[in-house]
Amino acid sequence: MRAQLTASGVTRRFGAVVAVDDVSLHLEPGEVVGLVGANGAGKTTLIKMLLGLLPVSDGIVAMFGATPSRSSRERLGYVPQGLGLYRDLTVAENVSFHAAAFGLDASAVDLNDDLTAMSDRLVGSIGLGRQRQLAFACALAHAPDLLVLDEPTSGVDPLARARLWDAIREQAGRGAGVLVTTHYMEEAQQCDRLVLMAAGRVAASGTAMEIVAGRTAVQVVTESWSEAFTTLGDDGFEVTLSGRQVRVPAADTDRVRQVLDGAGIDAELTVVPATLDEAMVAVSSTA
Amino acid sequence: MSAGARSVSVALGGSEVLHHVDLDAPAGSVTAVVGGDGAGKSTLLRCLVGELTPSAGEIRRPDRALIGYMPATSGSWRQLTVDENVAFVGRAFGMSAESIEQRRTALLRRAGLSTAADRLAGALSGGMRQKLGFVMAVIHEPELLVLDEPSTGVDPVSRVELWRLISEAAIGGAAVVMTTSYLDEAERARSISVLDGGRVIAAGTRGEIIGSFPGSIAAPDRATVQERSWRRGGAVREWHPHGSTADGSLGPGDIEFEDAVIAHLLAARAASRRTAGT
C-alpha cells in the first residue's frame, strides 16, 4: 500500500539553526500516528514540510507518493490548534464557506444536533469545545485521505474527548491516515504509533508500550512522603509527586535509598515500569 | 488555612453558570478542578480569589494579601523582564526589596528561569511564560494558591518542572487549587472535582471517583448503545445505568479513571435531561 505521508532524511535549516535534522517517517492508510515532543523539538517545521508549505533543505517528502502540491492537498483535512474558523461569521456561514472552498454543497458538512441548533450563532460566541467539533466536521466534509490534527481535543470535557477520538478512529477505519500532534499522554495513548521528536531529530518511535519498554521509575512509599519528595529534589533527583505517591523516574534504587537513609527517612522502594510521560521526558532530556 | 466554596451559585448575563458548587481545598494539598471549556472552572476560581461575588452561597478564603492567583493568561507584563515582573508583584504585596531578591532568586532557579531573568516576558516560550506566572503567584508565600490551567501550552518536559513547583508549594503548606481539561493531569492531585455545566458531578480522590459512579461499565466486543459507549484504544467501553450487564461488568481494578469520569458525565447528563423533561 502507498503511504499517505513519507519523509526520508528530511532536514531544515534556518541560517545556522538546524530545526529538523535527518528525520524519516511514514504514515500508512488507516493508521493514527502521534507526533510528540517538547516545544522547539521541530514538530511544526516538520509538518509544514510534509504538507509542502515549507521547502526542505535536504531529503525528500512525499504526500500520497508524490511531491506535495495543491492537488494532493485537496485530499488533506487539517485542523490547526487555532481551529481556522471565522469567529465573526455564523456556524452556517463557516460551513458554506468551507464547503465552497472544496467545491462541495454545505450539506456535505455533517453537524451534530447541538451544532445544528446553533447554526445562526456567531462562531466567536459559542463554546470552544463546540468550535472544535465544528472545525472537525468541516475538515471531514470532503472525506480526506489524510488528516492532520494539532492537539485535537484540547479544552474539551472527557466525554467530548472520547467522542472526538471515536470520530478519529472512524476516519482511520475507512482508510484515512491520521497524524496527531499532542503534549498530553491521554491523547498519545490513543495513537497506534508514536514518533517522539527531540532537538530536531526522531528520538524514539513505536507503540506507547515499545517506547516505555525497559524504562523504570523508583516508587517511594513512606509516611514521610513530603520529606522524601523535598529531600530527593534537593539532591537533584527528577522527583515527582502524585497525591502522596513519590516517584523518581530512571533512578538507581541504591542511590535513592542512600539519600533517604542519610535523611533518616524510612521508606519502601519498588522499581516499577515508567509511565509514558516519564519515558518521554527521559528520551527528550537525553537527546 | 483551608479554602473552599459551599453551595456557590453564580449568574452571569441572566444565566446561571455555577449551580450550588461545593469545593474543599485543604491546606497542604493540591485540589484539581477538571472540566471542558464552559464547564465553569474559571468562574469558580474567580469566586475563590474574590474577583467575582457569587449570587448565592459562601466562599472561604484567607485575606487578599495571602492569596496567589495565576489567571489563564498567566498574568505577566510582556514588556517587562522576568526579574521586573516578579519584583513588581512582590512590591505590590508590600515585600521588602531584600526578601523579594531572596525569594526571586530561589524561585527562578527552581523554575529553571535563572538564565532568562533579563529577558522580556513577551519573548518567552509558552512553557517559560507559564512558569513565570507561577513564580509571580507564589512570590509572597500565599496560603491559598489558585492556578487557572497552568499547563496550557506547556510541553511535557516543562510540565514536570511546573508540577514539581506546584507540589513544593503544597508541601510548604499552601492550599493549592488548579484547573485542567486533562484527566491524566488531574490525577496527580490529592483530590479532584469534576465540573460539567456548572455543577460538580463527581468529587474525591481518584479511587473514590472510580468507586462511586452509578451503574456499571462493560467491555463488549461492539457497542450496543451508541450514546453510552466509547472507545479505549482498540477496545470498547459501555456504561450501563442499572447495575451489571449480560456481557459482564468491569471490576474496579479494571476501570480506568477516564472511563469512570465518562460514566459520571453520562449519568449526570441523563439525570439533568430527566429533570428538564418533567
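A short reminder: the numbers here are calculations on the coordinates, not readings from a lab. Given the structure is predicted, the values throughout are model-derived calculations rather than measurements. All Cβ positions, even for glycine, are placed from backbone atoms using ideal geometry, and neighbour counts span all protein chains on display.
Name the residues whose placed amide hydrogens come within less than 5 Å of the amide hydrogen of B:L145, ignoring near sequence neighbours (fewer than 5 apart) on the same chain.
Correct list: B:G68, B:A175, B:V176, B:V177.
What list do you get for A:F102, B:F213, B:F134 if you sort them by fewest beta carbons within 10 Å?
Fewest-to-most Cβ neighbours within 10 Å comes out as A:F102, B:F213, B:F134.
Report the Rg/Rh value for chain B, based on alpha-carbon coordinates and the Kirkwood definition of Rh.
Ratio of gyration radius to Kirkwood radius for chain B: 1.03.
Apply the Karplus parameterisation 6.51 cos²θ - 1.76 cosθ + 1.60, with θ equal to phi minus 60°, to every residue of region A:28-38 and state each ³J(HN,Hα) to the nearest whole Hz, in sequence, with x for glycine and proline.
8, x, x, 9, 10, 10, x, 9, 10, x, 5
Could you work out how far helix B:156-171 tilts from the main Cα principal axis of chain B, as a 0 to 90 degree angle to the nearest 10?
Roughly 80 degrees, rounded to the nearest 10.
So what is the relative contact order for chain B, in percent, with contacts set as C-alpha pairs under 8 Å and at least six apart?
Relative contact order for chain B comes out at 22 percent.
Calculate how large, on average over all directions, the projected area of the Cα convex hull of the protein assembly as shown is; give the answer in nm² to one decimal.
27.8 nm²
Under a 5 Å amide H to amide H cut-off, with H placed in plane at 1.01 Å, what residues pair with A:A250 once short-range neighbours are removed?
It is A:T216, A:A217, A:V218, by chain and number.
Region A:5-211: D in µm²/s via Stokes-Einstein (Kirkwood Rh, Cα pairs, 20 °C, 1.002 mPa s)? Working shown, then result.
On the way: Rh = 17.6 Å.
Translational diffusion coefficient: 122 µm²/s.
What ranking do A:246-258, A:144-156 get when scored by the average of other Cβ atoms within 10 Å per residue, highest first?
Descending packing order for the listed peptides: A:144-156, A:246-258.
Please list 3J(HN,Hα) in residue order for region B:174-186, calculated via the Karplus relation 6.51 cos²θ - 1.76 cosθ + 1.60 where θ = phi - 60°; whole Hz, with x for glycine and proline.
Those phi angles translate into 6, 8, 10, 10, 9, 10, 7, 9, 10, 6, 5, 7, 4 Hz.
Take every Cα-Cα distance within region B:1-84, group them into 10 Å bins from 0 onward, and report for each bin the whole-number percent of pairs it holds.
Going from the shortest bin to the longest, the percentages are 15, 45, 29, 10, 1.
Of all the C-alpha pairs in region A:214-286, what % are more than 18 Å from each other?
Beyond 18 Å sits 31 percent of the P(r) for region A:214-286.
Can you work out ³J(HN,Hα) from phi for every residue in region B:129-142, in order, using Karplus 6.51 cos²θ - 1.76 cosθ + 1.60 and θ = phi - 60°, giving whole Hz and x for Gly and Pro?
Running phi through 6.51 cos²θ - 1.76 cosθ + 1.60 with θ = phi - 60° gives 5, 5, 5, 4, x, 5, 4, 5, 6, 10, 3, 9, 6, x Hz.
Using Cα pairs under 8 angstrom and six or more residues apart, how large is the relative contact order of region A:5-211, in percent?
Values: 384 pairs, mean separation 64.0, N = 207.
Normalised by residue count, the contact order of region A:5-211 is 31 percent.
Pairwise over distinct Cα atoms, reciprocal of the mean inverse distance: report the Kirkwood radius of region A:117-233 in Å, one decimal place.
Evaluated on region A:117-233, it is 17.4 Å.
Please express the Cα-Cα pair-distance distribution P(r) of region B:205-277 as a list of whole percents, one per 10 Å bin, running from 0 to the bin with the greatest distance.
Going from the shortest bin to the longest, the percentages are 20, 55, 22, 2.
How high is the relative contact order of region A:52-133? Use alpha-carbon pairs under 8 Å, at least six apart in sequence, and give a whole percent.
It rounds to 29 percent for region A:52-133.
Tell me, A:Y184, A:Y78 in order of fewest to most beta-carbon neighbours within 10 Å?
On the way: A:Y184 22, A:Y78 17.
With the fewest neighbours first, A:Y184, A:Y78 line up as A:Y78, A:Y184.
If you consider only alpha-carbon coordinates, what radius of gyration and Dmax does region B:71-219 have, in Å?
Answer for region B:71-219, Rg first and Dmax second: 17.3, 61 Å.
Around B:V17, which amide H atoms from residues at least 5 apart in sequence, or from another chain, sit under 5 Å from its own amide H, with H modelled in the peptide plane?
Amide H to amide H, under 5 Å and 5 or more residues apart or across chains, B:V17 pairs with B:V10, B:A11, B:L12.
Determine the dipole magnitude for the protein assembly as shown: charges of +1 sit on the beta-carbon of Lys and Arg, -1 on that of Asp and Glu, nothing else is charged, the reference point is the Cα centre, and the result goes in debye to the nearest 20.
1000 debye
Of B:A111, B:G133, B:G13, which is farthest towards the positive pole of chain B's charge dipole, taken about the Cα centre with +1 and -1 on the beta-carbons of Lys, Arg and Asp, Glu respectively?
B:G13
Please report the spacing between the Cα centers of region A:98-138 and region A:11-63 in Å, no decimals.
Their Cα centres are 30 Å away from one another.
Can you give the average number of partner chain beta-carbon atoms within 10 Å of each beta-carbon in peptide B:192-198, as a whole number?
1
Nearest 500 deg cm²/dmol is fine: what mean residue ellipticity at 222 nm does the protein assembly as shown get from its DSSP H runs of n ≥ 4 alone, each adding -39,500 (n - 2.57), divided by its residue count?
Using -39500 (n - 2.57) per qualifying helix, the result is -10000 deg cm²/dmol.
Rg and Dmax of region A:164-287, Cα atoms, in Å?
17.8, 60
Take A:V218, A:V36 and order them by how many other Cβ atoms sit within 10 Å, fewest up front. Intermediate values should be presented prior to the final figure.
Values: A:V218 24, A:V36 29.
Taking fewest neighbouring Cβ atoms as first place, the list is A:V218, A:V36.
Any chance you could check the Cα centroid distance between region B:132-203 and region B:47-118 for me, in angstrom?
Their Cα centres are 15 Å away from one another.
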